[in-house]
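Undergrad: First, the structure itself, so that you have it in front of you.
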Amino acid sequence: MNLAIHDLLTCCRQLGSDKAMERKKEIEKFRRLICDPETVQQLDRNSDSKQGKQMNWDTVFRFLLKYIQKEAESIRLAKPNTSASTQATREKKMKQLSSLVKYFIMCANKSE
């Protein structure tokens with residue numbers, strides 16, 4: 001397995017962590033890795049080859065969806081009656097999740 005893909009796979013697995021700080025740290029690494037030219041090139045090759053056991057764009061997207069679901073669930077389960085600043089922080093977090101999906105799509109489409 002290519003080193004860049006191995007790093008991305010390790011990062012993606014950490015996105016599912018139950019610890020919010022660990023997910024936060026890994027999402028920054030994820031952003032860097034999915035736009036890295038070597039990683040993009042390898043993901044493109046793996047996606048084109050259609051070999052099921054290799055990490056490809058679809059696999060990465062599934063990891064991203066699990067991360068977003070976990071983050072959205074943590075926001076949903078938080079106390080509803082909170083201060084305005086806490087509400088603003090939650091809204092900001094939701095916008096960041098949306099932005100992350102857009103960023104992922106941009107990185108995936110840029111390679112074509």
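Undergrad: ³J(HN,Hα) across segment 66-81 via Karplus (A = 6.51, B = -1.76, C = 1.60, θ = phi - 60°), whole Hz, x for Gly/Pro?
TA: With the stated coefficients, segment 66-81 comes to 5, 4, 4, 4, 5, 5, 5, 5, 5, 5, 5, 7, 5, 4, x, 8 Hz.
Undergrad: In percent, how large is the relative contact order of the chain, given Cα pairs closer than 8 Å and 6 or more residues apart?
TA: Working: 70 pairs, mean separation 32.2, N = 112.
For the chain, the relative contact order is 29 percent.
Undergrad: With a 1.4 Å probe and every protein chain kept in, tell me what percent of the accessible surface of the chain is carbon plus sulfur.
TA: Working: 4020 of 7470 Å².
Result for the chain: 54 percent of the exposed heavy-atom area is carbon or sulfur.
Undergrad: Select from Leu3, Phe61, Gln87 the residue farthest towards the positive end of the dipole of the chain; place +1 on Cβ of Lys and Arg, -1 on Cβ of Asp and Glu, and compute about the Cα centre.
TA: The residue sitting farthest along the positive end of the dipole is Gln87.
Undergrad: Please identify every one of the trypsin sites (Lys or Arg not before Pro) in segment 29-61 that sits in a loop by DSSP and has no more than 13 other beta carbons within 10 Å of its own beta carbon.
TA: Answer by residue number: Lys50, Lys53.
Undergrad: Moving on to the next point. About the Cα centre of segment 13-90, what is the dipole size in debye to 20, counting +1 per Lys and Arg Cβ and -1 per Asp and Glu Cβ, all else neutral?
TA: Values: 17 positive and 11 negative charges, 63 e Å.
The calculated dipole for segment 13-90 is roughly 300 debye.
Undergrad: Where Rh denotes the Kirkwood radius from the mean inverse Cα pair distance, what is Rg over Rh for segment 1-100?
TA: Values: Rg = 15.6 Å, Rh = 14.7 Å.
My calculation of the ratio gives 1.06.
Undergrad: Here's a follow-up. Provide the per-residue ³J(HN,Hα) series for segment 8-18, in order, calculated from phi with Karplus coefficients 6.51, -1.76, 1.60 and θ = phi - 60°, each as a whole number of Hz, with x at glycine and proline positions.
TA: With coefficients 6.51, -1.76 and 1.60, one gets 5, 4, 4, 4, 4, 5, 6, 5, x, 4, 7 Hz.
Undergrad: Same structure, new question: So, taking all protein chains as they sit and a 1.4 Å probe, how much accessible area belongs to Thr86, in Å² rounded to tens?
TA: Looks like 50 Å² after rounding.
Undergrad: Further question on the same structure: Report, ordered by chain and residue number, the lysines lying within cross-link reach of Lys29, taken as a straight Cα distance under 28 Å and ignoring same-chain residues fewer than 8 apart.
TA: Answer for Lys29, where 28 Å is the Cα cut-off: Lys19, Lys50, Lys53, Lys66, Lys70, Lys92, Lys93, Lys95, Lys102, Lys110, listed by chain and number.
Undergrad: Per-residue counts of other Cβ atoms within 10 Å, averaged by peptide: what ranking do you get for 13-19, 61-67, highest first? Could you put the intermediate results ahead of the total?
TA: Values: 13-19: 13.6, 61-67: 15.7.
Ranked by mean Cβ neighbours within 10 Å, highest first: 61-67, 13-19.
The values are calculated or read from the model by the stated rules, or taken from the named source; none is laboratory data. Source: prediction; values computed, not measured. For neighbour counting, all protein chains shown are included, and Cβ atoms are generated from backbone atoms with ideal geometry for every residue, glycine included. Only protein heavy atoms, including side chains, enter the accessible area calculation; ligands, DNA and RNA are left aside. Shrake-Rupley method; radii C 1.70, N 1.55, O 1.52, S 1.80 Å.
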